[in-house]
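These notes are about the structure you will find just below.
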Amino acid sequence: MDQRQLVPPITPGKTRIGWIGTGVMGSSMCGHLMAGGYTATVFNRTVEKTASLVDRGAVLANSPKEVAEQSDVVFTIVGFPSDVERVILGEDGVLSGSSAGMTIVDMTTSQPSLAERIAEESNRKGVASIDAPVSGGDTGARKGSLSIMVGGAPDDVTRVTPLFELMGSTIVRQGGPGRGQHTKMVNQTLIASGMIAVCEALLYATKAGLDLNTVLQSVSSGAAGSWSLTNMAPRMIDGDFDPGFFVEHFIKDMRIALDEAAAMNLALPGLALAQQLYQAVVAQGHARDGTQALILAMAELNQVNWQGTET
């Protein structure tokens, strides 16, 4: 019998949670689990970023391996695929401290092939592995309203769904390992071109001498409405470029999507254009700003001194 079939159900006060990656989104997401009655052991490369969770009762671990040794379900949400590989498969990673019956849930946006590899190596140890990237940014993380795109075995996903429900409002299993990551690539492809449209629309409104806030009132509730228009356009108008999602991480996502598309003989020129425009944002020194900083690169392209005054 598969040892995972003997694992007890997820239960507040009994199931021990591990969390690796307490950045812009991870800290809020782990906080929701703690508020739901789960004890947490946390790890982050920058220890200071764990302070708010430790103040609420989380135990600070010294390594991903140590997190695994003290947890029944370990969540990871880090930056790049290389980080995922290190914290899960590395010498001092989660799998090195895992035991049969444990579950690993990677919520980083990463490579589908890496998710499949993690699942294979986890299965050899009797450990369940789920890829569950999210959409909704820092706002969704704070509100617990994320969309969670899940890849994994049906029973494994069902078991951890009570935890997903504390972090997100839309939880959909897309299939086996790697399918959550493929779905996130669909999501990022949609966002990438949509952000270009938001920036172009705001620049048009600026050049036409319109009031940007009243323009948003008219267009955001009609056929042109989108999440990016509702959530990112006001930040652009206010000059707020604090990261809900880092530009450099978005570029990483687009590269993954373009690589996957090439492997499938797909041409995605809109996504390729968005990737190049975001590369210009990095060249201007905004790699660690939020994705809404795209307006700065496109304003420069049009010789508009954001906000709104032509140079």
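The values are calculated or read from the model by the stated rules, or taken from the named source; none is laboratory data. None of these values were measured; they are calculated from a predicted model. Every residue, glycine as well, gets a Cβ built from its backbone with ideal geometry; the counts of neighbours run over all protein chains shown.
For this structure, a couple of remarks:
- Test for residue 267: is it within 23 Å of residue 82 (Cβ to Cβ) and either surrounded by fewer than 21 Cβ atoms within 10 Å (Cβ to Cβ) or of a type in the set (D, E, K, R) (or both): no
- All of 73, 134, 160, 67 fail the test of being in contact (Cβ under 8 Å) with a residue 40 or more places away in the chain, within 28 Å of residue 242 (Cβ to Cβ) and either touching a Lys or Arg at 6+ places or on another chain (Cβ under 9 Å) or crowded, with 20+ Cβ neighbours inside 10 Å (or both), apart from 134.
- In the set (1) over 22 Å from residue 34 (Cα atoms); (2) at pLDDT below 95, the condition left unmet by residue 138 is number (1).
- Considering only residues in the stretch 226-250 that are touching a residue at least 12 places away in the same chain (Cβ under 8 Å) and of a type in the set (Val, Ile, Thr), the one that is surrounded by the most Cβ atoms within 10 Å (Cβ to Cβ) turns out to be 247.
- Condition met for residue 90 (under 22 Å from the mean Cα position of the chain (by Cα), surrounded by fewer than 20 Cβ atoms within 10 Å (Cβ to Cβ) and at pLDDT below 95): no
- Considering residues of the stretch 33-64 that are in contact with a helix residue (DSSP H, G or I) (Cβ under 7 Å, 6 or more places away or on another chain) and β-branched (Val, Ile, Thr) only, the residue surrounded by the most Cβ atoms within 10 Å (Cβ to Cβ): 42
- Residue in the stretch 14-23 that is modelled with pLDDT under 95 and over 22 Å from residue 152 (Cα atoms) present: yes
- Looking only at the stretch 137-157, and only at residues there that are over 23 Å from residue 11 (Cα atoms) and over 10 Å from the mean Cα position of the chain (by Cα), the one that is surrounded by the most Cβ atoms within 10 Å (Cβ to Cβ): 140
- Restricting the stretch 185-225 to residues that are of a type outside the set (S, T, N, Q) and part of a loop (DSSP other than H, G, I, E, B), the residue that is surrounded by the most Cβ atoms within 10 Å (Cβ to Cβ): 210
- Test for residue 103: is it in contact (Cβ under 8 Å) with a residue 24 or more places away in the chain, buried (at least 24 other Cβ atoms within 10 Å of the Cβ), under 15 Å from the mean Cα position of the chain (by Cα) and under 22 Å from residue 153 (Cα atoms): no
- Single residue of the stretch 76-92 satisfying the filter (part of a loop (DSSP other than H, G, I, E, B) and in contact (Cβ under 8 Å) with a residue 12 or more places away in the chain) that is farthest from residue 257 (Cα to Cα): 92
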